[in-house]
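Heads up, the thing below is written out as C-alpha cells.
The values are calculated or read from the model by the stated rules, or taken from the named source; none is laboratory data. Given the structure is predicted, the values throughout are model-derived calculations rather than measurements. Because the Cβ atoms are built from the backbone with ideal geometry, glycine has one as well, and the counts that use them run over all protein chains shown.
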Amino acid sequence: MEAFRYSTLFNTVHDQHEPTVDIGRGAHFSILSTAQWLDMQLIPMARAVVQRIAIIWDEGHDTRIIPMLEAALINGIISPVLFVGERKGSVTLMLDMGSPLIKDPEFIQAWQKICYGPDDDHWSLTIIGWGENTHPLIHDEFHKAVAYLEMIDAQFKLGLWEYKYQCVLRDYWVSILDKSPGLEGLDRPH
C-alpha cells in the first residue's frame, strides 16, 4: 500500500491509519522526512541533512497538525523535534534529551504562535525531552510508552541524518533493459 501524502514539504516515509498495537488510546504513527538546514540547536549548517519526525496520532488521526509542522519548518523551528503528538486538541513535542530549547522562551513562544493557528483553531502546547513524562504524547504506562517510542526510533532513525543518495529507479530500468529485445549488449547501470 502506498503511503498517504500529507504535505508537499514533507515526504511520508511510513504511515499507519489505525492502531497496530495496543498502546495508549488508539495510538499509531507516521514518519515524515524533509531536507533540513538547521542543526538540533537551530544553528545553520553548511549542507542540508535529512530530518525524520514521527507523528504519534491518537484515535482521531487529526491531520490539522500538518499545517503546523509546515509552518514550523518554514519558520526554522522544527529541527530539534523527534516526535510530535496530537491528542484531543493538544500538541506535544518531544525533543532530544537535554536539549536547552525545551525551556527556551523564544523557542516556546514561536511554537505557541504556530499552535494558536488561524481560523480560531487553537491547540495547547507541551514540550518535553526524550525520557521525560511521556503521558502527554501517549496515554499509557511510562515503560510501555517508552518501549513504543524506542521501537519507532530504532526502526526509522529519527532526527537529523546525513543524506545518502539512493537510485530509486535503478532496479526498474535494469528490469526494462533486461526485457527489451535488441538491448542485450548494452551496459547496465551500476
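Just the residues that are of a type outside the set (A, V, I, L, M) and surrounded by 14 or more Cβ atoms within 10 Å (Cβ to Cβ), please, taken from the stretch 132-142.
132, 134, 135, 136, 139, 140
Pick out, from the stretch 14-111, the strands (runs of 3 or more DSSP E) lying fully within it that include 2 or more residues that are charged (D, E, K, R) and surrounded by 16 or more Cβ atoms within 10 Å (Cβ to Cβ).
81-87
Matching residues to (1) of a type in the set (Asp, Glu); (2) at pLDDT below 95:
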| position | (1), (2) |
| --- | --- |
| 4 | no, yes |
| 10 | no, no |
| 13 | no, yes |
| 23 | no, yes |
| 40 | no, yes |
| 58 | yes, yes |
| 74 | no, no |
| 77 | no, no |
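Which condition breaks for residue 66 when tested against (1) at pLDDT below 95; (2) touching a strand residue (DSSP E or B) at 6+ places or on another chain (Cβ under 8 Å); (3) of a type in the set (A, V, I, L, M, F, W, C)?
Every condition holds for residue 66 apart from (2).
Looking at (1) part of a loop (DSSP other than H, G, I, E, B); (2) more than 23 Å from residue 20 (Cβ to Cβ); (3) at pLDDT below 80, which is the only condition residue 122 fails?
With respect to (1) part of a loop (DSSP other than H, G, I, E, B); (2) more than 23 Å from residue 20 (Cβ to Cβ); (3) at pLDDT below 80, residue 122 is out only on (3).
With the condition kept exactly as written, say whether any residue in the stretch 83-103 is more than 20 Å from residue 146 (Cα to Cα) and acidic (Asp, Glu).
no
Go through (1) under 22 Å from residue 149 (Cα atoms); (2) out of contact with any helix residue (DSSP H, G or I) (no Cβ under 7 Å at 6 or more places or on another chain); (3) among the hydrophobic types (A, V, I, L, M, F, W, C) and name the single condition residue 125 misses.
So residue 125 meets the others, but not (2).
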